[in-house]
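Got a structure here, written out as structure tokens. Questions coming.
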Amino acid sequence: MASPPPPPLPWVSPSVPPHVVALADDLSGAAETACALGGPVRLSLDAADVAEIAATHDLVVDLDTRHLESAEAAYAVRTALRAAQAGPPRLLYKKVDSQLRGHLAAEAAVYAEEAEAVVIAPALPAARRTVTGGVVHVNGVPLHRTDGWRAERASAPRSLPEALSCLPVRTVPLDVVRSDPAELDAEFRRIAASGAHPAPDAETDADLDAVAAAALRLGPGFRLLGSGGLAAALGRALVRPAAASPPAPAQDGTPLLFVVGTAEPGAVAQIAHLTALGAHHVSLDPTDLAAGTVRPPRGAAAPALTVLSIDGSAGPRPGMGRTLSTALGALAAAHPGRADLVLTGGETARTTLDALGITELEPLGEIHHGAVHSRTLDGRRVVTRPGSYGAEDSLLRIAVALRPRLAASTAAI
């Protein structure tokens with residue numbers, strides 16, 4: 001039997017729901033959010049686009065704040081919020097990392113200004129990242145006991161209240177999230193009335209659906225802050241026209257360039273699947289890369305498949321991420337031929353597109369969770385994927401999706 005329709009959202013018109021303005025702190029997260037919202041969406045790398053007042057679509061903007069100092073990141077969010085609020089009514093969404101990396105506290109504090117409350121839900125069930133008892137878990141293990149912060153300068157927070165110590169945060173147990181909608185609404189109101197912000201537990205997409213629906217029922221004073229999982233719940237709650245269908249894969253011999261900027265250990269095995277296909281792999285020494293002594297090849301024709309990666313055998317280098325990703329992006333931009341791109345890691349994706357002068361993407365869909373297939377204004381294909389996402393065959397699956405002729409070659413891998 002079909003589920004009954006959800007109750008109407010009092011301030012959201014069923015016929016013309018307001019468009020969403022989502023603010024992300026890195027490009028792979030912005031692309032994930034744009035895809036999660038589900039309808040026609042513009043994905044911009046230019047923060048000034050938030051001021052666009054004639055929007056006829058959802059807008060996701062990468063504020064690119066991960067590499068900034070905390071105060072600079074907060075200023076970027078405040079500026080974008082003011083621009084968004086100067087135009088017609090639009091739903092606000094703040095995309096944050098499901099492992100709580102970045103300037104979470106500083107950006108959340110600014111996002112909470114003038115809000116009745118911020119509903120904080122970073123769970124991402126599709127990537128097995130859940131929240132119970134106010135603690136983020138990765139594959140069932142508390143975040144602070146994982147190596148998810150290996151490349152960060154600080155230690156992972158033990159809970160959401162600790163991660164957001166600048167804000168009064170009250171956790172909402174799972175049984176309340178799964179209770180009658182009126183009870184969940186009342187709990188959110190009680191927390192807001194006390195001057196605090198609700199942080200509901202969530203283990204499934206259905207939990208996030210309940211959280212998003214409650215925030216929408218309570219009106220624009222309740223702002224949503226979460227990962228791509230909550231963005232997808234928001235997309236399911238809002239009726240949108242279908243997004244554009246992806247065009248047919250390229251058949252013209254256009255080279256395919258993988259730029260792997262992540263420090264995740266699993267990247268080694270992912271790259272191995274590509275080299276087994278015959279991909280040309282260039283592993284770059286991070287010291288040489290940071291020093292600017294690596295030079296792109298001159299005059300050579302680009303191989304059909306190329307992988308640029310950073311040699312991580314010496315372990316992560318905290319604090320060096322932006323320097324390395326900028327140098328890697330510059331090398332990618334200088335790669336011979338006009339290659340389609342697969343970019344892993346938000347900073348790597350951003351610096352590569354910056355080096356190429358690309359300021360806007362049209363999201364077309366997901367190849368697998370988090371691997372977002374987009375198109376540039378001039379027709380180049382770009383796939384972005386967070387560095388921590390994807391199984392061992394992630395890059396292989398992306399390669400086959402973009403170049404179906406490779407499928408026959410994968411049987412022996």
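The values are calculated or read from the model by the stated rules, or taken from the named source; none is laboratory data. For clarity, every value in this text was computed on a predicted model and none was experimentally measured. As a convention, Cβ positions derive from the backbone with ideal geometry for all residues, glycine included, and neighbour counts pool all protein chains shown.
Based on what the data block shows, is ALA192 crowded, with 18+ Cβ neighbours inside 10 Å and under 19 Å from SER98 (Cα atoms)?
No; evaluated as a whole, the condition is false for this residue.
Enumerate the pairs (first residue in the stretch 66-81 and closer than 15 Å to LEU45 by Cα; second residue anywhere and of a type in the set (Phe, Trp, Tyr) and surrounded by 15 or more Cβ atoms within 10 Å (Cβ to Cβ)) with beta-carbon separation below 9 Å, excluding pairs fewer than 6 apart on the same chain, so at least 6 apart or on different chains.
That search, which allows pairs on different chains as well, returns VAL77/TYR111.
I need every pair where a residue in the stretch 319-332 that is within 15 Å of ASP64 (Cα to Cα) has its Cβ under 8 Å from the Cβ of a residue that is modelled with pLDDT under 90 and assigned to a helix (DSSP H, G or I), sequence separation at least 6 or different chains.
Close Cβ pairs (under 8 Å, with a partner that is modelled with pLDDT under 90 and assigned to a helix (DSSP H, G or I)) amount to THR323/ALA290.
Counting just the residues of the stretch 264-313 that are of a type in the set (D, E, K, R) and touching an Asp or Glu at 6+ places or on another chain (Cβ under 6 Å), which one comes out nearest to ALA371 (Cα to Cα)?
Our first condition is that a residue be of a type in the set (D, E, K, R); within the stretch 264-313, this holds for 264, 285, 288, 295, 298, 311.
Those left that are additionally touching an Asp or Glu at 6+ places or on another chain (Cβ under 6 Å): 285, 311.
Working: ASP285: 26, ASP311: 22 Å.
By that ranking, first place goes to ASP311.
Can you tell me which condition ALA51 does not meet? The list is (1) crowded, with 22+ Cβ neighbours inside 10 Å; (2) more than 20 Å from the chain's Cα centre (by Cα), and all the others hold.
Going through (1) crowded, with 22+ Cβ neighbours inside 10 Å; (2) more than 20 Å from the chain's Cα centre (by Cα) one by one, ALA51 breaks only (1).
If you don't mind, there's one more thing I want to ask. Is it fair to say ARG217 is surrounded by fewer than 18 Cβ atoms within 10 Å (Cβ to Cβ) and basic (Lys, Arg)? Walk me through it before giving the result.
On the way: surrounded by fewer than 18 Cβ atoms within 10 Å (Cβ to Cβ): no; basic (Lys, Arg): yes.
Considered against the rule, which asks whether it is surrounded by fewer than 18 Cβ atoms within 10 Å (Cβ to Cβ) and basic (Lys, Arg), ARG217 comes out as no.
Out of contact with any helix residue (DSSP H, G or I) (no Cβ under 8 Å at 6 or more places or on another chain), at pLDDT 95 or above, part of a loop (DSSP other than H, G, I, E, B) and assigned by TED's automatic domain parsing to the domain that holds ALA71: which single residue out of ALA115, ALA154, ALA108 fits that description?
Working: ALA154 fails: at pLDDT 95 or above; ALA108 fails: part of a loop (DSSP other than H, G, I, E, B).
Sole residue among the options that is out of contact with any helix residue (DSSP H, G or I) (no Cβ under 8 Å at 6 or more places or on another chain), at pLDDT 95 or above, part of a loop (DSSP other than H, G, I, E, B) and assigned by TED's automatic domain parsing to the domain that holds ALA71: ALA115.
Looking at ASP64, is it in a helix (DSSP H, G or I) and at pLDDT 80 or above? Full working, then the answer.
Working: in a helix (DSSP H, G or I): no; at pLDDT 80 or above: yes.
Taking the combined requirement at face value, the residue does not satisfy it.
Being modelled with pLDDT under 95 and crowded, with 20+ Cβ neighbours inside 10 Å is true for just one of ALA123, ALA127. Which residue is that? Steps first, please.
Numbers: ALA123 fails: modelled with pLDDT under 95.
When all the criteria are applied, what remains is ALA127.
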